[in-house]
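Structure first, commentary second.
Read-outs throughout are calculated quantities, based only on the coordinates presented, and are distinct from any laboratory measurement. The model shown is predicted, which means the values in this text are computed figures rather than measured ones. Cβ placement follows ideal geometry from the backbone for every residue including glycine, while neighbour counts extend to all protein chains displayed.
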Number of protein chains: 2
Amino acid sequence: MPDAAPAADPLVASLVDGVHAGSRAHVARAITLVESRRPDHRPRARALLTRLAPATGQAVRVGISGIPGAGKSTFIDALGVRLIDRGHRVAVVAVDPSSTRSGGSILGDRTRMAALAANPDAFVRPSPTGRHLGGVARATRESMLVLEAAGFDVMLVETVGVGQSEVAVADMVDTFLLLALARGGDQLQGIKRGILELADVVAVNKADGDHEMEARVSARELAIALRLVSADPDRPPPPVLTCSALNGTGLDDVWTAVRTHRDRSAATGTLAARRAQQQRQWMWSMIDTELREALRRSPSVRAAQGDVDAQVEAGSLSAVEGSERILDVFRTGLVRDGWRG
Amino acid sequence: MPDAAPAADPLVASLVDGVHAGSRAHVARAITLVESRRPDHRPRARALLTRLAPATGQAVRVGISGIPGAGKSTFIDALGVRLIDRGHRVAVVAVDPSSTRSGGSILGDRTRMAALAANPDAFVRPSPTGRHLGGVARATRESMLVLEAAGFDVMLVETVGVGQSEVAVADMVDTFLLLALARGGDQLQGIKRGILELADVVAVNKADGDHEMEARVSARELAIALRLVSADPDRPPPPVLTCSALNGTGLDDVWTAVRTHRDRSAATGTLAARRAQQQRQWMWSMIDTELREALRRSPSVRAAQGDVDAQVEAGSLSAVEGSERILDVFRTGLVRDGWRG
């Protein structure tokens, strides 16, 4: 198999015990391990996830998307604190392929969720870095499993409403919540038909002060739009609510709508089916990511890459010939050295 | 190398001669070959492309995107005929991962471009089928090269304005033209910030009859939006024009704007740089597609897949373990049988 870590790997064993005990330090270390792109870390990460698997799957998994400026962090901060007051333990993770950790990234700045980040019953983790969506989504999904094994029972998975990352997040949650804004230019700023189709619940945020009426109007417009874009006629259009993360108004109703959606899908069996399918999708995304990364980290490929890129850019080598050269080099290294290259 | 076809492969040789001679039958056969996903066809396709490469690169490559209903086919039909009247030879290809050939696909229905499809100086090709964007885009790019080698000097690459395919098309053209509509709901129907950022020229179509004023208003609104979303402050926002493919009004201005953009980038050297980078991107997308497809067509993987999927969905095997099993099976087959599996 791809470089299995010995079942008795002491580091893995201590991480498993620490995570099960709910130790924040161990949880952080375990997440760092599953997020790591260092080839020599993956075998341990896989061993860890395999050991933790039985303790996962109990949490309520909610994806939260919205265009920049929709107030996602304020919303998550306010909602998270409320859920903790009700006795939940809340973890916040994110999928943002454009994330750089050095600012700019969603969740990159802890102060954006001040109350939650400081709460002992919450765990806020910035998006893993990486320019390839598949790799980022895989790492986030795996961090989510670590946090579930540590006893967090509500997973809030944040993503920015500007790309394919919404689909990746929808593939790892039970319910997908879309935050919208009471603004005409809204749609142009980024709500996409594809994202509307993913939404199980929609909330128009910032329904406060002068914007309250505006928000109700936007909610009505969105409800109409959602009927228009509905891909599946059998599936009822998602409820559209208004709320104000700032004042806390409407948050309970939004959460109730999220729970109603999840309870209904649990009752009808669609939740179990959705999760089974998500496991398969996760496996295939791990396979594709591993293939992609195995080629890029292959020492033989790294050695040849610069020269091949240059010749292809210069036109002295066709793209076809270049791709064949890289693939041959990869296969040779794979035959000789295995996945770790 | 991955299963090279003998340099002297007679089929490849006859295709090369036929394409250079501009024979439609040979062009069609060559495109069918590069589009084929049959593993035993790829070596021939690669050999063909390598032989044709010197005769490619002279054409004007234009991407044309727009939401469903923007009138892309009518626009391309009308523009193409005008260009042929000016002495050009026009090829139309497409990138639509949702395409199925059996209707529903853009360009799937020739009657949608009746005039052009019937013209001896035009070649209209539907989108290659396939659910993986990388593979579809690669096939379209390769068809484009076949058509250039056959002497077509204008390449119109159509795509639907609803996904990542725009980015793939922008990566294979010199100029990206976005068709918009004079409708308020427009944005909600799918123009995305990311697509606006790709646009080198924008044209509001259907500026005819009652819609003419509406179209001018939309053009002004889009021009404002384009200044707002402009990712690169140094890059001037694209010109926004209005036209009516139905009446033929404004089409010359749109084409002039396209040529102006291309001539300017040719003069500043950005065109050469863009194409060099596109060659490298094409190579890496071929590498990733080939890796992905090699795993999926591997007989050893196919034999194991059903069982692994079922166990992962049932939870008797973790997704991590499942991915390791598939990767091992793939590597074993690769070591034993090479890329063709």
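With chain B treated as a Gaussian network of Cα nodes joined by springs under 10 Å, which of B:25, B:91, B:223 yields the largest mean-square fluctuation?
B:25
For the protein assembly as shown, what class follows from the C-alpha gyration tensor (a ≥ b ≥ c being the square roots of its eigenvalues): rounded when a/c is under 1.5, otherwise prolate if a/b is larger than b/c, else oblate?
Judged from the Cα gyration tensor, the protein assembly as shown comes out oblate (a/c at least 1.5, b/c at or above a/b).
Mind jotting down the three principal axis lengths of segment A:205-291 based on Cα atoms? Whole angstrom, largest first.
If we take the Cα atoms of segment A:205-291, the spans are 52, 31, 25 Å.
May I ask you to compute the full-extension gain from residue A:23 to residue A:268, defined as 0.36 nm times their residue separation minus their alpha-carbon distance, rounded to one decimal in nm?
Working it through step by step, the gained length comes to 84.6 nm.
If you plug each phi of segment A:201-207 into the Karplus form 6.51 cos²θ - 1.76 cosθ + 1.60 with θ = phi - 60°, what whole-Hz ³J(HN,Hα) values come out, in order, with x for Gly and Pro?
Going residue by residue, I get 9, 10, 10, 8, 8, 6, 7 Hz, with x marking Gly and Pro.
Mind ordering B:206-215, B:40-49 by average Cβ neighbours within 10 Å, highest first?
B:40-49, B:206-215
Lysine pairs in the protein assembly as shown 8 or more apart or on different chains: how many have alpha carbons under 27 angstrom apart?
Going through the protein assembly as shown pair by pair, I get 11.
Using a 7 Å offset from Cα along the direction of the beta-carbon, what are the separations from residue B:260 to the same position in each other copy, nm, ascending?
From this label point to the equivalent ones elsewhere in the assembly: 5.4 nm.
On a 0 to 90° scale, report how tilted helix B:133-149 is relative to the longest principal axis of chain B, with both axes built from alpha carbons and the result rounded to the nearest 10.
Result, in degrees: 70.
Using only C-alpha positions, report the orientation-averaged shadow area of the convex hull of segment B:1-55, nm², one decimal.
3.6 nm²
If I fit a long axis through the Cα atoms of helix B:211-229 and take the longest principal axis of the Cα atoms of chain B, what angle between them do I get, 0 to 90°, rounded to 10?
Value to nearest ten degrees: 60.
Which whole-Hz ³J(HN,Hα) couplings does segment A:61-66 yield from phi under the Karplus relation 6.51 cos²θ - 1.76 cosθ + 1.60, θ = phi - 60°, glycine and proline marked x?
So the J values, rounded to whole Hz, are 9, 10, x, 10, 10, x.
At 7 angstrom along the Cα-to-beta-carbon line, where would the label on residue B:38 sit relative to the other copies? Give the distances in nm, shortest first.
Between copies, matching label points for residue B:38 lie 4.9 nm apart.
Taking amide H positions as placed 1.01 Å from N in the peptide plane, with prolines and chain starts having none, which residues 5 or more places from residue A:241, or on another chain, fall under 5 Å of its amide H?
Those lying under 5 Å, H to H, from residue A:241 are A:202, A:203, A:204.
Place the label 7 angstrom along Cα→C-beta at residue A:115 and in each other copy, then list the distances from the first to the rest in nm, shortest first.
Values, ascending and in nm: 6.3.
In peptide B:324-330, how many Cβ atoms from other protein chains are near each Cβ within 10 Å, on average?
5
Given a Förster distance of 30 Å, report the FRET efficiency between residue B:277 and residue B:256 from their Cβ-Cβ distance, rounded to the nearest 0.05.
FRET efficiency, residue B:277 to residue B:256: 0.70.
Helix B:72-85 versus the longest principal axis of chain B: what is the Cα-based angle in degrees, 0 to 90, to the nearest 10?
Roughly 70 degrees, rounded to the nearest 10.
What number, rounded to the nearest 500 deg cm²/dmol, is the helix-based mean residue ellipticity at 222 nm of chain B, given -39500 (n - 2.57) per DSSP H run of at least four residues and division by all its residues?
-17500 deg cm²/dmol
What FRET efficiency comes out for the pair residue A:337/residue A:153, r = Cβ-Cβ distance, R0 = 35 Å, nearest 0.05?
0.25
Give, in nm to one decimal, the length gained when the segment between residue A:114 and residue A:246 is fully stretched (0.36 nm per residue of separation minus the Cα-Cα distance).
Extra length from residue A:114 to residue A:246 when fully extended: 46.2 nm.
Roughly how crowded by other chains is peptide B:283-294, in terms of the mean Cβ count from those chains within 10 Å of each of its Cβ atoms?
The per-residue average across the peptide is 6.
Please compute the net charge surrounding residue B:63, taking Lys and Arg as +1 and Asp and Glu as -1 over other residues with Cβ under 10 Å from its Cβ.
Within the 10 Å Cβ shell, the charges total -4.
Enter the mean number of other protein chain beta carbons within 10 Å of the beta carbon of each residue in B:305-311, as an integer.
2
Considering amide H positions built from the backbone, and no H for Pro or chain starts, which residues 5 or more places from residue A:158, or on another chain, come under 5 Å of its amide H?
Under 5 Å from the amide H of residue A:158 lie the amide H atoms of A:64, A:93, A:94, A:95, each far enough along the sequence or on another chain.
For chain B, what D do you get in µm² per second when you plug the Kirkwood radius from alpha-carbon pairs into Stokes-Einstein at 20 °C and 1.002 mPa s?
100 µm²/s
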